[in-house]
Amino acid sequence: MGWFGRRDTKSVAKERLKLILVQDRALLSPSLLNNMREEIINVISKYLDIQQSDISIQIQRESHKTILEAIIPVKGVKR
Amino acid sequence: MGRVVVITSGKGGVGKTTVTANVGASLAKLGKKVVVVDMDIGLRNLDVVMGLENRVVYNIMDIIEGRCKISQALVREKHLTNFFLLPASQMHTKEDVKIESVDEIISIIKESFDYVLLDSPAGIENGFRSAASPASEALIIVTPDVSSVRDADRVIGLLENSGIEGISLIINRYDPLLVHKKKMLDANDIVDVLSLDLIGLIPEDKGVIDSENRGEVLSIIAKTPAVQAFENVAKRMEGEDVPFMKLDIERKGLFSIFRRK
């Protein structure tokens, strides 16, 4: 099959496209995203006891809409 | 009141102008009154593709700047009486175009037509923005390659942010033989990546260059698989539920046409 080992080139093209588009569709630079992440964590930490190590915050354009997805595991409420 | 559709791609050379001429012709063949507008100010080509370059007197900038009436700038196609071209200016640059003026002219023109197709220039700058601004629908043209699909994704994002409602996808220059060999992205791959509705799958057709050499629109003078695909786009735009042509190479009839010449 040549250049890309045994894989057909259309699969290579599709994989590359998917990776490229994930980067292209990111609306914020990594540093801005990190700033936002820090601030979100700070605000929520005032009220909730959260599992800092398992937080996932992503912003992505999906079909026809842009979504900010934040997964923040809560351990308990702050009193 | 007519539908205003921008035909755009981000990347150049994927066939926006050819698709504009042929989809426009196909809609006209369905009896619709159609005008195709060349929005590539400074680099006009739609007149040449349609073989109307010798009939151009005025252009869209002449209308905007008050040198002629709209009806004086419209050029009627040679064979179809309900198919018109509004040429671009060759003297101006894209920076000379005010988006509000284009919006105003197109909003007047659409009163007299069923379809206004706006042939956008490549890129995402001023020329693209003034072509997209008056439109409420968009046809995104891609060829089955990584760079074209990537640029299309960028354009789709911009159009969605600007509030355009119906965005559909046309895959142009599709090569069923390469797809069969898994050496070309297939239609499902592209639809999957861009998550748009597919409205057209146009097979590669050498006749396009041949007819453009002579200044004829292929869909008006010939009956080839690509022409049928353009006709299907027009029917789907009209709301008809047309199944996609079988372009797999096992279908001997189609295959033999692709191999011809």
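The values are calculated or read from the model by the stated rules, or taken from the named source; none is laboratory data. Keep in mind it's a predicted model, so treat the numbers as computed, not measured. So basically every Cβ, Gly included, is an ideal-geometry build from the backbone, and we count neighbours across all protein chains shown.
Summary table
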{"read-out": "Residue within the range B:27-36 that is of a type in the set (Val, Ile, Thr), farther than 28 Å from B:Met237 by Cα and touching a helix residue (DSSP H, G or I) at 6+ places or on another chain (Cβ under 9 Å) present", "value": "no"}
{"read-out": "Of the criteria (1) more than 11 Å from the chain's Cα centre (by Cα); (2) on the phi > 0 side of the Ramachandran plot, which one B:Lys29 fails", "value": "(2)"}
{"read-out": "Residue within the range B:190-198 that is within 14 Å of chain A (Cβ to nearest Cβ), over 25 Å from B:Ala25 (Cβ atoms) and in a loop (DSSP other than H, G, I, E, B) present", "value": "yes"}
{"read-out": "Candidates B:Ser195, B:Ser211 - the one that is crowded, with 22+ Cβ neighbours inside 10 Å and among the hydroxyl-bearing types (Ser, Thr, Tyr)", "value": "B:Ser211"}
{"read-out": "Residue match in the range A:34-49 (condition: assigned to a strand (DSSP E or B) and modelled with pLDDT of 90 or more)", "value": "yes"}
{"read-out": "Filtered residue count, the range B:206-221, keeping only those that are farther than 12 Å from B:Ala25 by Cα and either within 14 Å of chain A (Cβ to nearest Cβ) or out of contact with any Leu (no Cβ under 7 Å at 6 or more places or on another chain) (or both)", "value": "7"}
{"read-out": "Hey, B:Arg173 assigned to a helix (DSSP H, G or I), modelled with pLDDT of 95 or more and not acidic (Asp, Glu) or not", "value": "no"}
{"read-out": "Number of the condition not met by B:Asn59 [criteria: (1) under 19 Å from B:Ala21 (Cα atoms); (2) touching a strand residue (DSSP E or B) at 6+ places or on another chain (Cβ under 6 Å)]", "value": "(2)"}
{"read-out": "Sole exception among (1) part of a helix (DSSP H, G or I); (2) touching a helix residue (DSSP H, G or I) at 6+ places or on another chain (Cβ under 7 Å) for B:Leu185, by number", "value": "(1)"}
{"read-out": "Unique residue being closer than 25 Å to A:Ala26 by Cβ and either touching an Asp or Glu at 6+ places or on another chain (Cβ under 6 Å) or not basic (Lys, Arg) (or both) when the list is B:Ser130, B:Ser168, B:Ser136, B:Ser162", "value": "B:Ser162"}
{"read-out": "Output for the range A:18-72, where each listed residue is polar (S, T, N, Q), surrounded by fewer than 12 Cβ atoms within 10 Å (Cβ to Cβ) and within 11 Å of chain B (Cβ to nearest Cβ)", "value": "A:Gln23, A:Ser63"}
{"read-out": "Selection from the range B:159-170 of residues that are surrounded by fewer than 17 Cβ atoms within 10 Å (Cβ to Cβ) and in a helix (DSSP H, G or I)", "value": "B:Asn161"}
{"read-out": "Test for B:Arg236: is it closer than 17 Å to A:Leu17 by Cα, charged (D, E, K, R) and crowded, with 16+ Cβ neighbours inside 10 Å", "value": "no"}
